[in-house]
Amino acid sequence: MKYNENFLRLSENYLFSEVKRRVEGYKNPPRKILSLGVGDVRLPLSKASIEKMQKGVEDMARAQTFRGYPPAFGYPILQESLKSYYKRFSAFLDEEEFFISDGAKREIVDLLDLFPAGSVAMIPDPTYPVYKDANLLRGNRILYKKGTLANGFLPMPSGEEVDFIYLCNPGNPTGATYTREQLKVWVDYAISQNAVLFYDNAYERFLDEKSTHSIYEIEGAKDCAIEIGSFSKMAGFTGIRLGWTIVPKRMEMLHVLWKRRQAMGQNGVSYISQMAGVGALSKNGLREMEERIAYYTGNRRTIANCMQKLGWWHLQGGAYVWAKCLNGSSSWEFFDALLEKAQIVCTPGVGFGESGEGYIRLSALGEKREVEEACKRLEATAW
Ligand code: PLP
């Protein structure tokens, strides 16, 4: 039988299955293994989300308010909530520019339906592995932009000819965050190339007030950028599944084609999930969101302070701390050392791209007590 052989070249599953294999293979650890490797969230949903979901369930239980297939692009009530949310950053968009999705990951893969196979993608390295895998799957050509100590893991363009560009801001796995001026350079570059800028905003809520919260704060972005958003990390929706994609009307054909693609290839997102999103973006929901983010950024600071005390080179931002391995170890060697010496799990940087070799990612998304305990252990261990 014929099949798409590009599937055999994908890398994302390898990273997490290899982490699991090594942890499970570590027999009789002297104490509980603690994880600073988690990409998932721990805190339960906010009250505001739960109340709206309950309302959604009640609507579905009554003949008068029951709903069948949802609108293919999302319920207007959620599109309007997102429109208001974006106004806070002076990003002014129309409701119809928000396409509700069941999360960012699927959208990153599906958006490539808009482009012919063999297109040229510019992808930062290291970064979220799905950008690379989605492009390998389509047989696209990939041009990597290397993050290094010298550029602070914030590579910039230098005139390469490309069809589309990926930016993740703040970055996974490095937490490195572009300034407004740097983002303007990327937007101008995309326009000069007649290229699309895919802006992955999954960690937007972790940014401080002064940072850029949407690519549409940057002049010219509506002509070239598609922004991908997610409720997963901001509202704890990894299990609910809800996100959005913005394809501005100014992108003309791409806006029209994305509508066609979504009308053809899916039947919308569950009413109950969308109601949860409306709750998350309500006044009370946003207040609860702030508390949630303060909890995780508190964890991030705890880890970064620990790195500081130990004198380990590190960056912090978004939901992560990115640290350099000691004594010239490789990512996997240092992963093993952390596991054996301190019974702590991290994520090897090389799993996010070749330029991540020699680094590890530590996640702030875990439970506060466990993060504190892990940091105490790191500080008490002789490295
Ligand atoms: N984009 C980035 C950078 C991520 O780190 C993740 C998840 O870890 C996603 C997208 C996927 O988000 P979602 O849960 O909305 O599919």
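The values are calculated or read from the model by the stated rules, or taken from the named source; none is laboratory data. Quick caveat: nothing in here was measured; it's all calculated off a predicted structure. So basically every Cβ, Gly included, is an ideal-geometry build from the backbone, and we count neighbours across all protein chains shown.
Some observations on this one:
- Screening ALA117, ALA121 for residues that are within 20 Å of the chain's Cα centre (by Cα) and more than 14 Å from the ligand (Cβ to nearest atom) leaves exactly one candidate, ALA121.
- Exclusive hit being over 22 Å from SER46 (Cα atoms), of a type in the set (Phe, Trp, Tyr) and out of contact with any Ser or Thr (no Cβ under 7 Å at 6 or more places or on another chain), set PHE231, PHE198: PHE198
- Single match in ILE228, ILE293, ILE303 (criterion: in a strand (DSSP E or B) and more than 24 Å from LYS55 (Cβ to Cβ)): ILE228
- The single condition from (1) buried (at least 24 other Cβ atoms within 10 Å of the Cβ); (2) under 22 Å from LEU10 (Cα atoms); (3) touching a Leu at 6+ places or on another chain (Cβ under 8 Å) that LEU362 fails is (2).
- Single residue of region 181-221 satisfying the filter (of a type in the set (Ser, Thr, Tyr) and either out of contact with any Gly (no Cβ under 6 Å at 6 or more places or on another chain) or in a strand (DSSP E or B) (or both)) that is nearest to PRO155 (Cα to Cα): TYR189
- In region 16-133, counting only helices (runs of 4 or more DSSP H) that sit wholly within it, the ones holding 2 or more residues that are aromatic (Phe, Trp, Tyr) and in contact (Cβ under 8 Å) with a residue 12 or more places away in the chain span 76-87.
- When region 324-383 is filtered for residues that are of a type in the set (S, T, N, Q) and farther than 30 Å from ILE123 by Cα, the ones remaining, listed by number, are GLN343, THR381.
- Residue count for region 148-166, restricted to those that are without any contact (Cβ under 8 Å) to a residue 60 or more places away in the chain, among the β-branched types (Val, Ile, Thr) and away from the ligand (no atom under 16 Å from the Cβ): 1.
- Being at pLDDT 95 or above, within 16 Å of the ligand (Cβ to nearest atom) and among the charged types (D, E, K, R) is a condition met by no residue of region 42-61.
- Residue within region 120-138 that is buried (at least 21 other Cβ atoms within 10 Å of the Cβ) and under 19 Å from GLY268 (Cβ atoms) present: no
- Residues of region 228-255 that turn out to be touching an Asp or Glu at 6+ places or on another chain (Cβ under 6 Å) and near the ligand (Cβ under 8 Å from one of its atoms), as a count: 3
- Among the candidates LEU254, LEU286, the residue that is of a type in the set (A, V, I, L, M, F, W, C), touching a Pro at 6+ places or on another chain (Cβ under 9 Å) and part of a helix (DSSP H, G or I) is uniquely LEU254.
- Flag if LYS145 is basic (Lys, Arg) and either loosely packed, with under 15 Cβ neighbours inside 10 Å or within 12 Å of the ligand (Cβ to nearest atom) (or both): no
- Checked against the criteria, TRP312 counts as in a loop (DSSP other than H, G, I, E, B), aromatic (Phe, Trp, Tyr) and more than 30 Å from THR65 (Cβ to Cβ).
- All positions within region 231-251 that are of a type in the set (Lys, Arg) and part of a helix (DSSP H, G or I): LYS233, LYS249, ARG250
- If you go through region 89-106 and keep only what is more than 24 Å from MET264 (Cβ to Cβ), modelled with pLDDT of 95 or more and surrounded by fewer than 19 Cβ atoms within 10 Å (Cβ to Cβ), you end up with just PHE92.
- Residue in region 184-203 that is without any contact (Cβ under 8 Å) to a residue 60 or more places away in the chain, within 14 Å of the ligand (Cβ to nearest atom) and touching a strand residue (DSSP E or B) at 6+ places or on another chain (Cβ under 8 Å) present: yes
- Number of positions in region 315-343 that are crowded, with 23+ Cβ neighbours inside 10 Å and not in a helix (DSSP H, G or I): 10
- Pick from region 204-246, criterion within 17 Å of LEU286 (Cα to Cα) and charged (D, E, K, R), ranking: surrounded by the most Cβ atoms within 10 Å (Cβ to Cβ): LYS233
- Selected residue (criterion: farthest from the ligand (Cβ to nearest atom)) from residues of region 167-183 that are hydroxyl-bearing (Ser, Thr, Tyr) and without any contact (Cβ under 8 Å) to a residue 60 or more places away in the chain: THR179
- Residue in region 263-284 that is at negative phi, away from the ligand (no atom under 16 Å from the Cβ) and touching a strand residue (DSSP E or B) at 6+ places or on another chain (Cβ under 8 Å) present: no
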